[in-house]
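No value in this document is a laboratory result; all are computed from the given coordinates. Quick caveat: nothing in here was measured; it's all calculated off a predicted structure. Here the Cβ positions follow ideal geometry from the backbone for every residue, glycine too, while neighbour counts run over all protein chains shown.
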């Protein structure tokens with residue numbers, strides 16, 4: 001008996017359905033803790049979380065200070081993120097990678113390349129989700145919640161995402177593969193496949209080159225300021241405070257003073 005459909009009648013077998021309305025029992029809490037422990041452990045083993053070289057997804061960030069912290073490999077201070085959205089995103093990427101590969105085998109169509117490792121320079125390396133040899137196009141998958149889906153349809157993708165695609169295009173050029181188009185495929189986390197939104201533009205090498213030039217400029221400034229030995233100098237590295245500060249690994253909301261090698265106060 002479903003107590004929702006027949007609220008006046010409760011069958012003994014239906015009682016567990018109400019468990020979520022009560023406090024979790026000790027065993028449920030113990031099991032929950034253990035499951036979370038395993039998931040967090042597995043997430044920390046992800047090779048991408050151990051990547052030393054800066055990647056294309058980071059270069060387009062508008063905050064010089066955040067990029068500076070990344071270049072200098074300053075230890076994270078904002079470590080209380082719940083990684084579940086990122087874990088779901090990784091799982092979806094893995095599923096899509098296999099789906100495309102299986103489709104190519106079944107259709108005898110080898111015109112796609114998945115998870116391609118790219119080297120844009122000595123210091124920049126990344127992994128492109130998908131490349132179409134037929135269209136000479138770079139495609140990057142993006143999982144998005146309802147708010148993000150609405151925003152990208154109305155205003156277009158965040159500038160960092162757009163820069164990222166051109167950097168991937170530049171990486172494929174370094175590999176000797178022609179690039180005409182770059183694209184972002186936004187997949188709704190809550191919704192239907194038909195709600196996918198695809199953004200695409202002509203590939204522009206100058207966008208990638210400008211981003212790399214900016215990166216090297218930040219790196220040179222860090223060296224000239226000797227920020228690792230003069231911690232207070234981090235306050236002089238230009239920051240771009242925004243709502244994204246809370247997601248920055250170097251955000252320290254409890255800080256009273258200026259930024260230094262231990263973290264940034266954000267906005």
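Axis of helix 26-44 versus longest Cα principal axis of the chain: the two differ by about 20°, to the nearest ten degrees.
Of 96, 215, 118, the residue with the greatest mean-square motion in the GNM of the chain, using alpha carbon springs below 10 Å, is 96. When 65, 189, 70 are sorted by how many other C-beta atoms sit within 10 angstrom of their C-beta, beginning with the fewest, the order is 189, 70, 65.
By other beta-carbon atoms within 10 Å, ranking 90, 240 with the fewest at the front produces 240, 90. Over the chain, DSSP H runs of length four or greater, each weighted -39,500 (n - 2.57), average out per residue to a 222 nm ellipticity of -12500 deg cm²/dmol.
Once the Cα atoms are used to define both axes, helix 205-225 deviates from the longest principal axis of the chain by about 80 degrees.
From least to most packed, judged by other beta carbons within 10 angstrom and beginning with the fewest, 104, 120 follow the order 104, 120. Axis of helix 84-107 versus longest Cα principal axis of the chain: the two differ by about 80°, to the nearest ten degrees.
Suppose a student asked you for the relative contact order of the range 111-204, using Cα pairs under 8 Å spaced at least 6 residues apart; what percent would you report? Dividing the mean separation by the residue count of the range 111-204 yields 28 percent.
According to the Kirkwood relation over distinct C-alpha pairs, the hydrodynamic radius of the range 145-267 is 17.4 Å. Summary value for the chain: 19 percent relative contact order, contacts being C-alpha pairs under 8 angstrom separated by 6+ residues.
Which whole-number percent gives the relative contact order of the range 144-267, counting Cα pairs below 8 Å spaced six or more residues apart? Computed value for the range 144-267: 18 percent relative contact order.
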